[in-house]
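As structure tokens, the structure follows; a few thoughts come after it.
The values are calculated or read from the model by the stated rules, or taken from the named source; none is laboratory data. What you see is a predicted model; the values in this text were computed from it and never measured. Positions of Cβ are generated from backbone atoms using ideal geometry, with glycine treated the same way; all protein chains shown enter the neighbour counts.
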Amino acid sequence: MSGGGPTAGDRDPSQPRPAGEGWAILSYMIGGMALYGFLGWLIGLWTGLPVLFPIGMLVGLASAIALVIFRVTRS
Amino acid sequence: MSDVRVLTTASGCHLFSGCGYPAPSISDFYFKPIFTVGGVAFTKPMLLAVVTAVIILTFFFVAFRKPKIVPRGAQNVGELGVLFVRDQILRQQLGKKGDKYLPFVVAIFFFVWIMNLFGIIPLVEFPATSRFAFPVALALIVWVTYITIGIKSKGPIGYFKRMAVPEGAPWWILPLLAPVELFSNILVRPFTLAIRLFANMLAGHLLLLVFGLASWYLFSLSIGLLFAATSFLLTIILTGLEVLIQALQAFIFATLTAFYIADAMETAH
């Protein structure tokens, strides 16, 4: 989402980030790998290329890491 | 302990007596129904859930029935608990504007904690949250709550956008990242919330069973006595560890509840 200043919502930026932020990373990792892994597996089943399953998982992992980087570096 | 387990331990199965170690298994998490109402079996975990609700309601009713300026007795303890949840869980995530969700988070925290705590109470010794249905139901309540709050504060489209579009990401990468963001916010969150609590309680209960049963099984007038003593010592130490884990899991569950509510309310990160 574009816009918004460097402060995170109305949270005091001098305070440490809340613990929930850390758990968000876990849900990105699981979500990314499960979603793109499943998509890769599905397309692999359709095209007869089983290698698409691990490739999908890697793509999911990469997008999860990208999401974490964007989320953390923004505020 | 399940009825099967009680039979095995009561049968006097010991080291060198020819029978093997009665290893705990998933069957220890299934109970004979106490009674059945219209095809629905009422089991021990259900009873524990009801008892938990009664304990919490009674305690807080007694504590805050006649509140005094200078708290004493039960009111003191009750205030300590509520203030702990407010200052250590809710305000960490939401600040002062989150105080209207205090009753919800207090209820979640104490319900999960007491349910967990049954794992080490003598004679009960079963954490009700190690049955998957309880964490799932709690996670569903949290899920419905934070989605409702999100839709209320930003409207259905605004909230959907907030859930799907990661902040700070350049537009050209959005097609790749938006599905992951949406998937992890809508589906993975309640799933991990339930799994985390359930798996921790299941593993903890199994661990205590392994060493508890071992101290009984190894108990005999032989070298086994030494092993039994070690096993018993470990049971005690692990019980201490479980006390910590039970409180910690309740804390994490309540913290994440508050975090999800905060995330749904915030306009931008």
| request: Enumerate the helices (runs of 4 or more DSSP H) found wholly within segment B:62-147, keeping only those where 3 or more residues are over 21 Å from the mean Cα position of the chain (by Cα). | output: B:74-84
| message | Just the residues that are buried (at least 22 other Cβ atoms within 10 Å of the Cβ) and over 15 Å from B:Leu256 (Cα atoms), please, taken from segment B:101-110. | response | none
| task | Kindly establish whether B:Ile151 is out of contact with any helix residue (DSSP H, G or I) (no Cβ under 7 Å at 6 or more places or on another chain) and either among the aromatic types (Phe, Trp, Tyr) or assigned to a helix (DSSP H, G or I) (or both). | result | no
| field | Entirely in segment B:161-269, the helices (runs of 4 or more DSSP H) that have 2 or more residues that are among the β-branched types (Val, Ile, Thr) and at the interface with chain A (Cβ under 10 Å from one of its Cβ atoms) | value | B:189-217, B:224-265
| For segment B:144-195, what are the residues that are aromatic (Phe, Trp, Tyr) and touching a residue at least 40 places away in the same chain (Cβ under 8 Å)? | B:Tyr146, B:Tyr159, B:Phe191
| Got a sec? Which of A:Ser63, A:Ser14 is within 21 Å of B:Glu181 (Cβ to Cβ) and at pLDDT below 95? | A:Ser63
| task | Would you mind stating whether B:Ala254 is crowded, with 17+ Cβ neighbours inside 10 Å and in contact with a Phe, Trp or Tyr (Cβ under 7 Å, 6 or more places away or on another chain)? | result | yes
| query | Give me the pairs: first residue in segment B:90-119 and within 14 Å of another protein chain (Cβ to nearest Cβ), second residue surrounded by fewer than 20 Cβ atoms within 10 Å (Cβ to Cβ) and acidic (Asp, Glu), beta-carbon distance under 9 Å, and six or more apart or on different chains, which are they? | reply | B:Leu90/B:Asp99; B:Arg91/B:Asp99; B:Gly95/A:Asp10; B:Gly95/A:Asp12; B:Lys97/A:Asp10
| query | Got at least one residue in segment B:235-248 being over 18 Å from the mean Cα position of the chain (by Cα), surrounded by 19 or more Cβ atoms within 10 Å (Cβ to Cβ) and free of Cβ contacts under 8 Å to residues at least 24 places away in the same chain? | reply | no
| query | Do the conditions hold for B:Ala178, that is, is it in contact with a Pro (Cβ under 6 Å, 6 or more places away or on another chain) and either surrounded by 15 or more Cβ atoms within 10 Å (Cβ to Cβ) or closer than 24 Å to A:Leu67 by Cα (or both)? | reply | no
| task | Go through segment B:196-234 and give me each residue that's modelled with pLDDT of 90 or more, crowded, with 20+ Cβ neighbours inside 10 Å and of a type in the set (Gly, Ala, Ser). | result | B:Gly204, B:Ser231
